[in-house]
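K.L.:
Right, I'll just put the structure down here and ask away after.
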Amino acid sequence: MSKPTEAQEPLPEHRQRLLEAMSHAVAGKGYADTTINDIAALARVSKRTFYEHFGGKAQCLIALYEAASHQAIKVLRQSLDPRQDWHGQVEQTLRAYFETLASNPVLLRTLFIEILGLGTEGLAARRRVNRALADLIVEVVYAGQPKRVRSDPLVADMAMGIVGGINELVLQAIEADRVDRLAELTAPASRLVRAVTKVLEELS
């Protein structure tokens with residue numbers, strides 16, 4: 001059977017191919033030097049097909065950022081071991097997170113740094129991802145607590161603070177060219193979670 005033509009392939013497959021093309025393009029050339037022609041050529045689709053899915057290069061990067069982030073969160077959830085207490089789960093999950101980030105260092109730099117330069121739309125996407133990570137932290141740390149505790153606004157805000165702190169540790173590692181050693185952040189990040197949780201317990 002011959003390979004389906006571009007017009008015959010379902011649009012979701014085109015979108016996936018465009019995201020993969022964006023990933024390869026920015027890994028090879030960086031976001032600033034990547035063009036829509038580059039992305040379309042790597043995805044083996046027309047520019048018209050690109051614009052059927054994305055309004056421009058920035059929107060494609062945001063979609064890639066969210067897809068990559070959701071995949072990382074999926075890895076985190078799969079790494080959870082209910083047999084461990086929350087301290088062990090947090091450490092194991094953070095290690096899996098850092099190892100996932102370090103698996104593609106060039107793309108990591110692009111997603112963590114370039115997303116900040118896309119204006120309000122990029123910041124909104126970053127905040128959505130941060131909220132999903134914060135929700136996961138609350139889920140792990142407060143798994144045995146009543147719903148009213150887990151939904152306390154202070155708990156949610158402090159969890160976002162933890163995510164912000166972890167992001168800064170990652171950015172610092174990127175700037176220092178230590179992406180290959182991201183797993184070393186597991187210990188300080190775990191201590192941060194424990195310290196913030198202890199403060200919340202004292203306030204409650």
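The values are calculated or read from the model by the stated rules, or taken from the named source; none is laboratory data. What you are looking at is a predicted structure, and each value in this text was computed from that prediction instead of being measured. No Cβ is skipped: glycine too gets one built from the backbone with ideal geometry, and neighbour counts run over all protein chains shown.
K.L.:
Give the residues of region 116-127 that are surrounded by fewer than 19 Cβ atoms within 10 Å (Cβ to Cβ), modelled with pLDDT of 85 or more and either aliphatic (A, V, I, L, M) or over 16 Å from N167 (Cβ atoms) (or both), sorted by residue number.
P.N.:
Initially, region 116-127 is screened for residues surrounded by fewer than 19 Cβ atoms within 10 Å (Cβ to Cβ), giving 116-117, 119-124, 127.
This time we only want the ones that are modelled with pLDDT of 85 or more, so: 119-124, 127.
Result: G119, T120, E121, L123, A124.
K.L.:
Restricting attention to region 3-16, does a residue exist that is within 18 Å of the chain's Cα centre (by Cα) and within 30 Å of A173 (Cβ to Cβ)?
P.N.:
Step one: of region 3-16, the residues within 18 Å of the chain's Cα centre (by Cα) are 16.
With the extra rule that they be within 30 Å of A173 (Cβ to Cβ), the set shrinks to 16.
Yes, region 3-16 contains a residue that is within 18 Å of the chain's Cα centre (by Cα) and within 30 Å of A173 (Cβ to Cβ).
K.L.:
Taking the options L94, L111, name whichever one is in contact (Cβ under 8 Å) with a residue 24 or more places away in the chain, closer than 14 Å to I166 by Cβ and either part of a helix (DSSP H, G or I) or in the same structural domain as E20 (by TED's automatic domain parsing) (or both). Give the steps one after another, and end with the answer.
P.N.:
Working: L111 fails: closer than 14 Å to I166 by Cβ.
Residue meeting the stated conditions: L94.
K.L.:
Next question. Is it true that some residue in region 78-85 is closer than 17 Å to L133 by Cβ, hydroxyl-bearing (S, T, Y) and surrounded by 19 or more Cβ atoms within 10 Å (Cβ to Cβ)? Step through it out loud before you land on a result.
P.N.:
The first filter runs over region 78-85 and keeps only residues closer than 17 Å to L133 by Cβ, leaving 78-80.
Of the ones still in play, those that are also hydroxyl-bearing (S, T, Y) are 79.
Then keep just the ones that are surrounded by 19 or more Cβ atoms within 10 Å (Cβ to Cβ); that gives none.
Checking region 78-85: not a single residue is closer than 17 Å to L133 by Cβ, hydroxyl-bearing (S, T, Y) and surrounded by 19 or more Cβ atoms within 10 Å (Cβ to Cβ).
K.L.:
Right, something else. Restricted to region 97-106, and to residues that are closer than 21 Å to A189 by Cβ and assigned to a helix (DSSP H, G or I), which residue is modelled with the lowest pLDDT?
P.N.:
Once the filter is applied, the top-ranked residue is P105.
K.L.:
I'd like to know if region 140-152 contains one or more residues that are farther than 20 Å from K74 by Cβ, in a helix (DSSP H, G or I), of a type in the set (A, V, I, L, M, F, W, C) and out of contact with any Phe, Trp or Tyr (no Cβ under 8 Å at 6 or more places or on another chain).
P.N.:
Taking region 140-152 as the starting set, the residues that turn out to be farther than 20 Å from K74 by Cβ are 142, 144-152.
Imposing the further condition that a residue be in a helix (DSSP H, G or I) reduces the set to 147-150.
Remaining after also requiring of a type in the set (A, V, I, L, M, F, W, C): 149.
Retained after the next criterion (residues that are out of contact with any Phe, Trp or Tyr (no Cβ under 8 Å at 6 or more places or on another chain)): none.
So far as region 140-152 goes, no, none of its residues is farther than 20 Å from K74 by Cβ, in a helix (DSSP H, G or I), of a type in the set (A, V, I, L, M, F, W, C) and out of contact with any Phe, Trp or Tyr (no Cβ under 8 Å at 6 or more places or on another chain).
K.L.:
Would you please name the residue that is modelled with the highest pLDDT, looking only at residues in region 1-31 that are loosely packed, with under 10 Cβ neighbours inside 10 Å and either in the same structural domain as L107 (by TED's automatic domain parsing) or of a type in the set (G, A, S) (or both)?
P.N.:
Going residue by residue through region 1-31, those that are loosely packed, with under 10 Cβ neighbours inside 10 Å are 1-3, 5, 7-8, 10, 12.
From what is left, the residues that are either in the same structural domain as L107 (by TED's automatic domain parsing) or of a type in the set (G, A, S) (or both) are 2, 7.
On the way: S2: 37, A7: 43.
Here the answer is A7.
K.L.:
A follow-up question, please. Quick check on region 37-52: of everything there that is of a type outside the set (K, R) and surrounded by fewer than 17 Cβ atoms within 10 Å (Cβ to Cβ), which residue is farthest from L111 (Cα to Cα)? Outline the logic, then answer.
P.N.:
As a first pass, look at region 37-52 and keep what is of a type outside the set (K, R): 37-43, 45-46, 49-52.
Subset that is surrounded by fewer than 17 Cβ atoms within 10 Å (Cβ to Cβ): 37, 41, 46, 51-52.
On the way: N37: 20, A41: 21, S46: 25, Y51: 21, E52: 23 Å.
Going through the qualifying residues, I end up with S46.
K.L.:
Please specify each residue of region 55-90 satisfying the condition of being part of a loop (DSSP other than H, G, I, E, B) and without any contact (Cβ under 8 Å) to a residue 60 or more places away in the chain. So that I can check it myself, show each step before the final result.
P.N.:
First, pick out the residues of region 55-90 that are part of a loop (DSSP other than H, G, I, E, B): 55-56, 80-85.
G55, G56, D81, P82, R83, Q84, D85 - these are the residues of region 55-90 that are part of a loop (DSSP other than H, G, I, E, B) and without any contact (Cβ under 8 Å) to a residue 60 or more places away in the chain.
Here is a yes/no grid of residues against (1) modelled with pLDDT under 85; (2) closer than 18 Å to E201 by Cα:
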residue: T110; (1), (2): yes, no
residue: E114; (1), (2): yes, no
residue: R131; (1), (2): no, no
residue: A134; (1), (2): no, yes
residue: V138; (1), (2): no, yes
residue: V141; (1), (2): yes, yes
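K.L.:
Still on this model: Could you grab me the full set of residues in region 35-54 that are assigned to a loop (DSSP other than H, G, I, E, B) and more than 19 Å from E66 (Cα to Cα)?
P.N.:
If we filter region 35-54 for residues that are assigned to a loop (DSSP other than H, G, I, E, B), which is where we start, we get 35, 44-46, 54.
Passing the criteria: T35, R44, V45, S46.
K.L.:
Got at least one residue in region 171-193 being without any contact (Cβ under 8 Å) to a residue 60 or more places away in the chain and within 22 Å of A67 (Cα to Cα)?
P.N.:
Yes, region 171-193 has at least one match.
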